[in-house]
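Here is the structure we will look at.
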Amino acid sequence: MKWLLAAAAVSGAALTAGLGVWQWGRAQQRLGLQAAVAQRSELPPVDAAALLAAPDPAQLLHRRIVLRGRWKAGHTVYLDNRQMNGRPGFYVVTPLHLAGDNANANAPAILVQRGWVARNFQQRDKLPPVETPAGEVQLRGLLSSSPARLYAFAGGEGGPIRQNLDLAQFRAETRLPLLDLSVQQTGGPSEGLLREWPQPASGAERNLGYAFQWWALSALIAVLYVWFQFIAPRRKQRA
């Protein structure tokens, strides 16, 4: 019986300790990824020519970019239930038809997350005023994946106000040659938009918390085994 209890205690302590090590490793991976993203954002900016010439544009994710082009204002989308500085509102997304020295009339377009604007809570279907300049514009931003998705009920979304934006569906809807990446525009407030984008968290804190919980459980198993198998019986004999 004692050997069975010892084996169970050793197995339990080893298993929980191993789970702690695994969670610690996951945390280090997340921290490494966050550091890599920060390092990419410090590299010199790329332009449309470099973006279009890249064999795998995904390798340019989180790089700074400078673009020139024309807004496709008629396809502007207001993504609902987005927050900035704790205030609910819209993320405004507009396709930009790229222009440049090597561009032509058939040049591709890219989605630009232009910024945040507050919504009208008295008239929830009323679009807030946002300026969209005509003619060629230049903007700076960070290359990003498609706008982050929020939970939404099943069913297609259409119209200017949407919960999410599916890139493939939007590409078919607008018939624009949209690239698979998007741009998160940076800079000060302009055109009625704020651009104080929230910094993505690594999520490592959660893994670290789990690691310490598993290690604490491993230590508890060891302490309880020693207490009940060695210390408590000896104290009972002395009493």
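For the stretch 163-182, a residue qualifies if it is in contact with a strand residue (DSSP E or B) (Cβ under 6 Å, 6 or more places away or on another chain) and crowded, with 16+ Cβ neighbours inside 10 Å, and the qualifying residues are 165, 171, 176, 178, 179, 181, 182. Between 99, 134, 118, the distinction of being more than 17 Å from residue 162 (Cβ to Cβ), small (Gly, Ala, Ser) and under 25 Å from the mean Cα position of the chain (by Cα) belongs to 118 only. If you go through the stretch 20-70 and keep only what is open to solvent by less than 50 Å² (accessible area, probe 1.4 Å), over 24 Å from residue 111 (Cβ atoms) and within 16 Å of the chain's Cα centre (by Cα), you end up with just 32.
Kindly list, by first and then second residue, each pair from a residue in the stretch 5-19 that is crowded, with 17+ Cβ neighbours inside 10 Å to a residue that is hydrophobic (A, V, I, L, M, F, W, C), limited to pairs with Cβ atoms under 6 Å and residues at least 6 apart or on different chains. That search, which allows pairs on different chains as well, returns 9/221; 12/221; 13/221; 13/222; 16/214; 16/217; 19/214.
Determine whether the stretch 193-200 contains at least one residue that is of a type in the set (Phe, Trp, Tyr) and farther than 30 Å from residue 4 by Cβ.
Quick first cut of the stretch 193-200, residues of a type in the set (Phe, Trp, Tyr) only: 197.
Still in the list and also farther than 30 Å from residue 4 by Cβ: 197.
Scanning the stretch 193-200 turns up at least one residue that is of a type in the set (Phe, Trp, Tyr) and farther than 30 Å from residue 4 by Cβ.
Being part of a loop (DSSP other than H, G, I, E, B), modelled with pLDDT under 90, closer than 30 Å to residue 23 by Cβ and open to solvent by 60 Å² or more (accessible area, probe 1.4 Å): is that true of residue 201 here? Yes; evaluated as a whole, the condition is true for this residue.
If a residue has to be in contact (Cβ under 8 Å) with a residue 40 or more places away in the chain and not in a loop (DSSP other than H, G, I, E, B) to count, how many in the stretch 171-189 make the cut? Number of matching residues: 9.
Residues satisfying the criterion are present in the stretch 210-219 (criterion: crowded, with 17+ Cβ neighbours inside 10 Å, at pLDDT 90 or above and touching a Leu at 6+ places or on another chain (Cβ under 6 Å)).
The values are calculated or read from the model by the stated rules, or taken from the named source; none is laboratory data. Not measured: the values here are computed from a predicted model. Neighbour counts are summed over all protein chains in view; Cβ atoms, including those assigned to glycine, are modelled from backbone coordinates with ideal geometry. All accessible areas refer to the heavy atoms of the entire protein, side chains included, with ligands and DNA or RNA removed. Shrake-Rupley method; radii C 1.70, N 1.55, O 1.52, S 1.80 Å.
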